[in-house]
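Only one structure is covered here, and it is reproduced in the block below.
The values are calculated or read from the model by the stated rules, or taken from the named source; none is laboratory data. Because the structure is predicted, anything quoted here is derived from the model rather than measured. FYI the Cβ positions are ideal-geometry reconstructions off the backbone, even for glycines, and counts take in every protein chain you see. Please note that ligands, DNA and RNA were not included when accessible areas were found on the heavy atoms of the full protein model with its side chains. Shrake-Rupley method; radii C 1.70, N 1.55, O 1.52, S 1.80 Å.
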Amino acid sequence: MKPTVFSGVQPSGIPTIGNYIGAMKGFVDLQDDYDTTYCIVNQHAITVYQDPKTLSQSTRMIAALYVAIGLDPNKSIIFIQSDVPAHAQAAWLVLCQTGLGELERMTQFKDKAQKQELVSAGLLSYPALMVADIVLYDAQYIPVGEDQKQHLELTRNFVDRFNNRYGKDLLVKPEPMIPSSGGRILSLQDPTSKMSKSDVNTRGFISMLDEPKTIIKKIKSAVTDSVGEVNYDKENQAAISNLLDIYSALSGRSIDDLVNEYHSAGYGKFKSDVADQVVAVLEPIQQKYYRLIDNQELTDILIDGAKAANETATRTLSRMERAIGLTYKPSLYV
Ligand code: AMP
Ligand code: TRP
């Protein structure tokens, strides 16, 4: 049996090259050697308000991007979270075994809460839904960007607690898989914050559906520094190091190799080659995306994915319910 992998992306906007490099690209690479399940986590997205029509379109968009980057429905299960009721059901079980303090400590909650007028209880509870996503598929490895590390730690603690209370080895304890470089791609305009699809400054991110000329413009206007030499030095040359991370992840070339070539080439030449590399990777993905987005083929993939996911998830949910005692057993009453 192959080791199991699970991950998800929220349909809260168009994914950026940060999402692609930090997580989605890795999804593709794992398909052959792992038993892979990838979800479009639309129930996570509604922890902050989403316009209904946009949410529904973005959900399908992430699905189309999954296939466009190379996820193969014959190798991976691809499905939409709300098509599998066990996620919300298991999240309740997780919530009842999770400390309020644990949730309040999550940095993503604290960051997001600051930006909301209405801080929903869902925003606080969000990691419990993520725990549910993961344990339902007995997932061993979780490819994610660095910002999800804390949620994974919470998942691991939950699994320990659950197994201690209800029975050894009932749930599988997952491990994060974070890329060694590219786990945190930074904003092109502000290298102290991560690249985010919801950034109000759209020049800070490159979306996976940006047109080539927009990509080139955004990279050319990316902030740099006054050093004038290409070095990989995250402390003193964060912006240049970020461009190196992007170039390296998308070309497969090592950082050392790139630094050797571009050290004294000038920022203009360096940026122009980074931009060409980004376009070379995104253009074929975009072509495939536009072929798929309105095609019945995509709907069929999602229907099949939901069926397969439901089978596994329902089985694990009953295992959890039985362990907790949420079952009616006539034999107990005689
Ligand atoms: P989200 O867009 O929040 O659903 O994130 C989807 C995946 O992309 C998660 O695994 C994140 O950790 C990852 N991710 C998001 N932003 C970045 C970034 N700037 N750099 C690297 N990975 C990221
Ligand atoms: N919380 C993740 C994010 O914001 C998305 C996510 C939801 C996820 N459930 C998951 C990632 C399960 C990995 C595994 O990026």
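Of note:
- Equivalent ellipsoid semi-axes - Cα gyration tensor, the stretch 226-334, angstrom: 52, 24, 9
- Each residue, Glu102 and Ser254, gets one label point 7 Å from its Cα in the Cβ direction; the gap between the two is 4.1 nm.
- MRE, 222 nm, helices only [DSSP H, n ≥ 4, -39500 (n - 2.57), over the chain, to nearest 500]: -16500 deg cm²/dmol
- Length-normalised contact order for the stretch 202-290 - Cα pairs under 8 Å, 6+ apart - percent: 35 percent
- Whole-percent carbon and sulfur share, accessible surface of the stretch 202-290, 1.4 Å: 47 percent
- Kirkwood estimate for the stretch 202-290, i.e. one over the average of 1/r between Cα atoms, Å: 13.4 Å
- Rounded to the nearest 10 Å², the accessible area of Asp233 at probe 1.4 Å: 50 Å²
- GluC sites (Glu not before Pro) lying in DSSP loop within the stretch 145-248, provided at most 11 other Cβ fall within 10 Å: Glu235
- Selection from Pro11, Ala64, Val230, by position along the positive dipole direction of the chain (Cβ): Pro11
- For the stretch 1-153, alpha-carbon Rg relative to the globular expectation (2.2 N^0.38 Å, N residues): 1.01
- Accessible surface area normalised per residue over the stretch 202-290 is 47 Å², counting heavy atoms of protein chains with a 1.4 Å rolling probe.
- Sorting 192-199, 295-302, 112-119, 6-13 by their mean Cβ neighbour count within 10 Å, with the most densely packed peptide first, gives 6-13, 192-199, 295-302, 112-119.
- Bins of 10 Å from zero: percent of alpha-carbon pairs in the chain: 5, 24, 32, 24, 11, 3, 1, 0, 0
- Close amide-amide hydrogen proximity is noted between Lys194 and Ser187, each under 5 Å apart and 5 or more residues distant or on a separate chain (H modeled in the peptide plane; Pro and chain starts excluded).
- HN-Hα J in Hz across the stretch 127-140 - Karplus 6.51, -1.76, 1.60, θ = phi - 60°, x for Gly and Pro: x, 5, 5, 5, 4, 4, 3, 6, 6, 4, 9, 6, 6, 8
- Karplus-based coupling profile of the stretch 211-222, in residue order and whole Hz: 6, x, 5, 5, 4, 4, 4, 5, 6, 4, 8, 5, with θ = phi - 60° in 6.51 cos²θ - 1.76 cosθ + 1.60 and x standing for Gly or Pro.
- Surface composition of the stretch 1-133: carbon plus sulfur atoms hold 54% of the accessible area, using a 1.4 angstrom probe and ignoring ligands, DNA and RNA.
- Couplings 3J(HN,Hα) for the stretch 255-260, derived from phi with the Karplus relation 6.51 cos²θ - 1.76 cosθ + 1.60 (θ = phi - 60°), are 4, 4, 4, 5, 4, 4 Hz, where x marks Gly and Pro.
- Dmax and Rg, reported as Rg then Dmax, of the stretch 108-228 (C-alpha, Å): 18.6, 60
- Between the stretch 273-288 and the stretch 235-263, the C-alpha centres lie 17 angstrom from each other.
- Contact order normalised by residue count of the stretch 143-300, Cα under 8 Å, 6+ apart, percent: 18 percent
- Taking amide H atoms as placed 1.01 Å from N in the peptide plane, the amide H of Thr4 lies under 5 Å from those of Asp35, Gln140, Tyr141, each 5 or more residues away in sequence or on another chain.
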